[in-house]
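Working notes, structure below.
The values are calculated or read from the model by the stated rules, or taken from the named source; none is laboratory data. All values reported here derive from a predicted model rather than from experimental measurement. Backbone-built Cβ (ideal geometry, glycine too); neighbour counts: all protein chains shown. What goes into the accessible areas is simple: the full protein's heavy atoms, side chains included, and nothing from ligands, DNA or RNA. Shrake-Rupley method; radii C 1.70, N 1.55, O 1.52, S 1.80 Å.
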Amino acid sequence: MFHTAAPDSASDRRQAFYGVLADTLEDGVTFDVVQTLHENLVQQLADRKKDAAPLEVSRKEIASMLGTCDVPEKELAAFDNEYLEQFGAVGMQAATIAEPKKFELTTENVTIQVDPTRTDLVETRRIDGKRYILIAVEGEAAVNGVEINIP
């Protein structure tokens, strides 16, 4: 109608953003990277909750968060270049990268929903050559509404 392309949806931008990360991080996007980004952005969103304007983070701020995950400098530079190529110099809305009310882990057979403020209870490990997602249990545990005992 106005001879312009429709803007990308938040989901498309999130996928494009994590695509940039996957392309530039040699070990790929790890749980620690996603968890760190999510925790930092959700905290920033909570701090600015009263502000009506959406929180926008720059590529430099994102790179700084990645640096706390021990991402090597070479990969941070590659991320910066790829981000510029994909999105330009504009920032990205924090809620696009990290949904404040959702933290979900999905495998081929299992989906786990975690309280976004308690991602610290989840970790990944390789045990005897197999990959595991471990969840620390605090308090009661239930399966299909039935309370279970974890010895």
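Some notes on this structure:
- Only one of the numbered conditions (1) at positive phi; (2) in a helix (DSSP H, G or I); (3) of a type in the set (Asp, Glu) is violated by residue 39, and that is (1).
- Conditions (1) closer than 30 Å to residue 125 by Cβ; (2) open to solvent by 50 Å² or more (accessible area, probe 1.4 Å): number failed by residue 89: (1)
- Residue that is farthest from the chain's Cα centre (by Cα) [pool: residues in the range 101-112 that are in contact (Cβ under 8 Å) with a residue 24 or more places away in the chain and within 18 Å of residue 15 (Cβ to Cβ)]: 105
- Residue in the range 113-124 that is touching a residue at least 12 places away in the same chain (Cβ under 8 Å), part of a helix (DSSP H, G or I) and over 30 Å from residue 141 (Cβ atoms) present: no
- Residue pairs whose Cβ atoms lie under 9 Å apart, separated by 6 or more positions or on different chains, with the first residue in the range 37-48 and touching a residue at least 40 places away in the same chain (Cβ under 8 Å) and farther than 9 Å from residue 94 by Cβ and the second open to solvent by less than 40 Å² (accessible area, probe 1.4 Å) and not aliphatic (A, V, I, L, M), are 37/69; 38/103; 38/116; 38/119; 39/116; 39/119.
- Qualifying residues in the range 125-151 (those that are touching a strand residue (DSSP E or B) at 6+ places or on another chain (Cβ under 9 Å), open to solvent by 90 Å² or more (accessible area, probe 1.4 Å) and assigned to a loop (DSSP other than H, G, I, E, B)) - the one farthest from residue 36 (Cα to Cα): 149
- Checking each residue in the range 20-29 for being surrounded by fewer than 18 Cβ atoms within 10 Å (Cβ to Cβ), modelled with pLDDT of 90 or more and either assigned to a loop (DSSP other than H, G, I, E, B) or not aliphatic (A, V, I, L, M) (or both) picks out only 23.
- Answer from 53, 63, 78 - the residue that is among the hydrophobic types (A, V, I, L, M, F, W, C), surrounded by 15 or more Cβ atoms within 10 Å (Cβ to Cβ) and without any contact (Cβ under 8 Å) to a residue 40 or more places away in the chain: 63
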